[in-house]
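S.K.: I'd like to ask some things about the structure below.
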Amino acid sequence: MTAPVTTRSSADLIRAEEPVLAHNYHPLPVVVARAEGTWVEDVEGRRYLDMLAGYSALNFGHRHPALIEAAHHQLDRLTLTSRAFHNDKLAEFAERLASLTGLDMVLPMNTGAEAVESGIKVARKWAYEVKGVPADQATIVVAAENFHGRTTTIVSFSTDETARQGFGPFTPGFRIVPYNDLAALEAAVDETTAAVLLEPIQGEAGVVIPDEGYLTGVRELTRRKGCLFIADEIQSGLGRTGRTLAVEHEAVVPDVLLLGKALGGGIVPVSAVVARRDVLGVLRPGEHGSTFGGNPLAAAVGTAVVDLLETGEFQRRATELGVALRGGLSALVGKGVLGFRARGLWAGVDIDPTFGTGREIGERLLREGVLVKDTHGSTIRLAPPLTITTDELTEALGALEKVLA
Ligand SMILES: Cc1ncc(COP(=O)(O)O)c(C=O)c1O
C-alpha cells in the first residue's frame, strides 16, 4: 500500500459526484487513484486486478513504460499545433500505422465515435464521387446489436432503445440487418449502398463472434456489389484477439478500417480512419477536420503504440493466455456460467441469472479485488490488459469461481 493521494474517502468522493456530474454512467463503487500494469489502486490504497482495461483502451496495461516515456518526451517539446500547420510527428505516425495495417492513408481523429462518423462521411463521399450514387441517396448497411459510439448519427442506426430513446430525430440512410447473416446482407445491399459497416466481433453486444467464413463472405459480397467494407476495429483491434486486427483471423483486408481506444495507449484519445488511397483520397481541404486530430502528442503516443504492436509480443500473449482464459471459463460452465464466447484475451461470459445479474457479479468481484463490467443484463465482459500474467489471470478466474460458489 502506498501513501494516500487524497484526504477524501472513496465514499465521500462518490457522494460528491452525485449533484455535479451528469448521470450517464452507473460506475461500480470504486474510486481509482493510481495504476500500474494490470493493477489499479483506490484512494484507500486497496488494489484491484483490472479485467476491463478501459474497454480495451488499455491493451498495453496502465502506464506502459515505453508509452509514458514517449508521452513525456513529447510533452517537453510540442503538444498541439492544430492542422493549420504541419507538425514533425504526424508523417511518421501515418506512415507507420498505414504500414502496420497494410493500407495506404490515415485520417487522424480523437475518439472512436469520431472515427466512425468520419468513416461514414468518407464512404458517402466515395459513393457520390467514385461509385456515382445520385446525390443524397447513399445507404450504409449495418448490423443489429451493433455498437459504434454515441453521436446522433451513430445512435440513428443502433438497435439499443436505451441509446436512442429521447434523442431523435435520427439521421436517415442506414439499413440494419441481422449480424452473421450473409443472405440478409446480400438482400440489403443495392446500387445505392456506399458501405457495409461492421464490427468483426461485436464487443458491447457481449463479444459476439460471427461464424467462420462470415467476414470472408462480407468481403466477397462487398467487392462483387461494388461497395466498401468498413471494419470497426475500435474495440477488437490492436492485439486484443491475438492478431493485430480481428479481420486477420480470416485473412480479410477491409477497404476502410476504424481504429481508436488502444491507439492512444491509455494516455490520450487517438483514433483513425485508415483506408486505401482511392477511398480516403476523396477528401479535400476544408471538407473534414478536427482541432485535436493528429496532434503531435497523440502522434508520438500512437507511434509508440505501433512500435509495441510491431514486436508481436502482445498478439502472442493474447493468443497464449487466451487458451488459459478459455480453459478457466470452460471449467465454470454449469457452475454459474451458462456459456461464453472468447477470442484471444477477450470474453463475454453469460452468467446463470439465478446466480445474480451481471451487475451483482461485478460488485461481488469488486469485493474480491477484481474489476469487470457487465453488459446486457447477465453477461460480463473480460478484457484484461494484454500484459496480464498467467498467475494474475488464474487469480481473476479464481475470484469468479468464488463469487459464483
Ligand atoms: C466497436 C466500437 N466502435 C466505436 C466505439 C466508440 O468509441 P468512443 O467511446 O471512443 O467514442 C466503441 C466504444 O466502445 C466501440 O466498441
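S.K.: Answer yes if at least one residue in segment 253-273 is among the small types (Gly, Ala, Ser), away from the ligand (no atom under 16 Å from the Cβ), touching a residue at least 12 places away in the same chain (Cβ under 8 Å) and outside any helix (DSSP H, G or I), and no otherwise.
M.R.: No - not one qualifying residue is present in segment 253-273.
S.K.: Then there is this: Return yes or no: is Arg175 out of contact with any strand residue (DSSP E or B) (no Cβ under 7 Å at 6 or more places or on another chain) and in the same structural domain as Thr111 (by TED's automatic domain parsing)?
M.R.: no
S.K.: Go over the candidates Leu404, Leu365 one by one and state the one that is within 22 Å of Leu58 (Cβ to Cβ) and in contact with a helix residue (DSSP H, G or I) (Cβ under 6 Å, 6 or more places away or on another chain). Outline the logic, then answer.
M.R.: Details: Leu404 fails: within 22 Å of Leu58 (Cβ to Cβ).
The match here is Leu365.
S.K.: Still on this structure, I have one more. Restricting the search to segment 209-223, which residues are part of a loop (DSSP other than H, G, I, E, B) and over 22 Å from Gly339 (Cα atoms)?
M.R.: Gly213
S.K.: Could you check how many residues of segment 5-45 are loosely packed, with under 14 Cβ neighbours inside 10 Å and in contact with a Gly (Cβ under 7 Å, 6 or more places away or on another chain)?
M.R.: The number of residues fulfilling the criteria is 0.
S.K.: What tally of residues in segment 86-126 results from selecting those that are over 19 Å from Glu233 (Cβ atoms), of a type in the set (Lys, Arg) and either outside any loop (DSSP other than H, G, I, E, B) or touching an Asp or Glu at 6+ places or on another chain (Cβ under 9 Å) (or both)?
M.R.: 2
S.K.: Can you work out which of the residues in segment 208-236 that are more than 13 Å from Val189 (Cβ to Cβ) and in contact with a Lys or Arg (Cβ under 8 Å, 6 or more places away or on another chain) is farthest from the ligand (Cβ to nearest atom)?
M.R.: Ile209
S.K.: While we're looking at this one, here's another question. Among the numbered criteria (1) within 13 Å of the ligand (Cβ to nearest atom); (2) part of a helix (DSSP H, G or I), which one does Arg240 miss?
M.R.: The one condition Arg240 does not meet is (2).
S.K.: Could you tell me whether any residue of segment 130-138 is surrounded by 19 or more Cβ atoms within 10 Å (Cβ to Cβ) and either part of a helix (DSSP H, G or I) or not aromatic (Phe, Trp, Tyr) (or both)?
M.R.: Scanning segment 130-138 turns up at least one residue that is surrounded by 19 or more Cβ atoms within 10 Å (Cβ to Cβ) and either part of a helix (DSSP H, G or I) or not aromatic (Phe, Trp, Tyr) (or both).
S.K.: Would you list the strands (runs of 3 or more DSSP E) that sit entirely within segment 322-384 and hold 2 or more residues that are over 26 Å from His249 (Cα atoms) and out of contact with any Leu (no Cβ under 9 Å at 6 or more places or on another chain)?
M.R.: none
S.K.: What are the residues in segment 111-164 that are in contact (Cβ under 8 Å) with a residue 60 or more places away in the chain, closer than 28 Å to Gly377 by Cβ and of a type in the set (D, E, K, R), if any?
M.R.: Glu145
S.K.: In the set Val116, Val142, Val130, Val155, which member is away from the ligand (no atom under 14 Å from the Cβ), of a type in the set (Val, Ile, Thr) and either modelled with pLDDT of 95 or more or in contact with a Pro (Cβ under 8 Å, 6 or more places away or on another chain) (or both)?
M.R.: Selected residue: Val130, the only one of Val116, Val142, Val130, Val155 that is away from the ligand (no atom under 14 Å from the Cβ), of a type in the set (Val, Ile, Thr) and either modelled with pLDDT of 95 or more or in contact with a Pro (Cβ under 8 Å, 6 or more places away or on another chain) (or both).
S.K.: Within segment 265-282, can you find the residues that are touching a strand residue (DSSP E or B) at 6+ places or on another chain (Cβ under 7 Å) and either buried (at least 19 other Cβ atoms within 10 Å of the Cβ) or on the phi > 0 side of the Ramachandran plot (or both)?
M.R.: Matches in segment 265-282: Gly266, Ser271, Ala272, Val273, Val274, Ala275, Val279, Leu280.
S.K.: Continuing with this model, one more query. For a quick check of your reading of the model, give me the residue pairs whose first member lies in segment 284-302 and is under 15 Å from Val106 (Cα atoms), whose second is of a type in the set (Phe, Trp, Tyr) and in a loop (DSSP other than H, G, I, E, B), with beta-carbon atoms closer than 9 Å and at least 6 apart or on different chains.
M.R.: Note: pairs meeting the criteria are Ala298/Phe292.
The values are calculated or read from the model by the stated rules, or taken from the named source; none is laboratory data. From a predicted model like this one, the values you see are computed outputs, not experimental measurements. So basically every Cβ, Gly included, is an ideal-geometry build from the backbone, and we count neighbours across all protein chains shown.
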